[in-house]
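The values are calculated or read from the model by the stated rules, or taken from the named source; none is laboratory data. All figures in this text were calculated on a predicted structure; none of them were measured in a lab. All Cβ positions, glycine included, derive from the backbone under ideal geometry; neighbour counts span all protein chains shown.
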Amino acid sequence: MIEFHYESDFTLKDESKYADWLNRVIGSEDKVLKDLAFIFCDDPYLLNINEKYLRHEDYTDVITFDYSEGKQIGGDIFISIQRVEENAELYKEDMDEELRRVMVHGALHLMGYGDKEEEEVLMMRGKEEEKMKLFHVEQ
């Protein structure tokens, strides 16, 4: 089950479309959805989580807590809408497109993809592009 929670004024326009897409993303990696929650928040909310649980003192766009077991994908993905908006502006990207990138980035972390080493970053970027194309695919 995929749930969407809002700790800010932001809301997704069509939750079912996003849930369908994320189910396809997970299935395309030969994984099974268990429980996945997306929590949309603002910078102070996510900074508090970053400091409290990860001991990082900087702003970020996404934090993923992984509860996956084997092929069963589960976790909490916190997304700062403020960071997504700023990144969209910075990279001259559509806000919705940048949001999908961050959402799929968090989901890919749950499926075992990292982004600490240069090789991992290249793999992650490729997977993001591949999975974002699935958003416009109707089932």
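Restricting attention to the range 40-67, and to residues there that are within 19 Å of Leu108 (Cα to Cα), in contact with a Lys or Arg (Cβ under 9 Å, 6 or more places away or on another chain) and surrounded by fewer than 18 Cβ atoms within 10 Å (Cβ to Cβ), which single residue is modelled with the lowest pLDDT? Among them, the one singled out is Thr60. Residues in the range 1-26 that are of a type in the set (Gly, Ala, Ser) and surrounded by 14 or more Cβ atoms within 10 Å (Cβ to Cβ): Ser8, Ala19.
Restricting attention to the range 95-126, the residues being closer than 18 Å to Val32 by Cβ and out of contact with any strand residue (DSSP E or B) (no Cβ under 8 Å at 6 or more places or on another chain) number 4.
Note on the range 94-139: residues that are in a loop (DSSP other than H, G, I, E, B), in contact with an Asp or Glu (Cβ under 8 Å, 6 or more places away or on another chain) and either touching a residue at least 24 places away in the same chain (Cβ under 8 Å) or not aromatic (Phe, Trp, Tyr) (or both) total 3. For the structure I just gave you, tell me whether Tyr91 is under 18 Å from Phe4 (Cβ atoms), without any contact (Cβ under 8 Å) to a residue 60 or more places away in the chain and more than 14 Å from the chain's Cα centre (by Cα). For Tyr91, the condition - under 18 Å from Phe4 (Cβ atoms), without any contact (Cβ under 8 Å) to a residue 60 or more places away in the chain and more than 14 Å from the chain's Cα centre (by Cα) - is not met. For the range 68-89, a residue qualifies if it is surrounded by 15 or more Cβ atoms within 10 Å (Cβ to Cβ), part of a strand (DSSP E or B) and of a type in the set (D, E, K, R), and exactly one does: Asp76.
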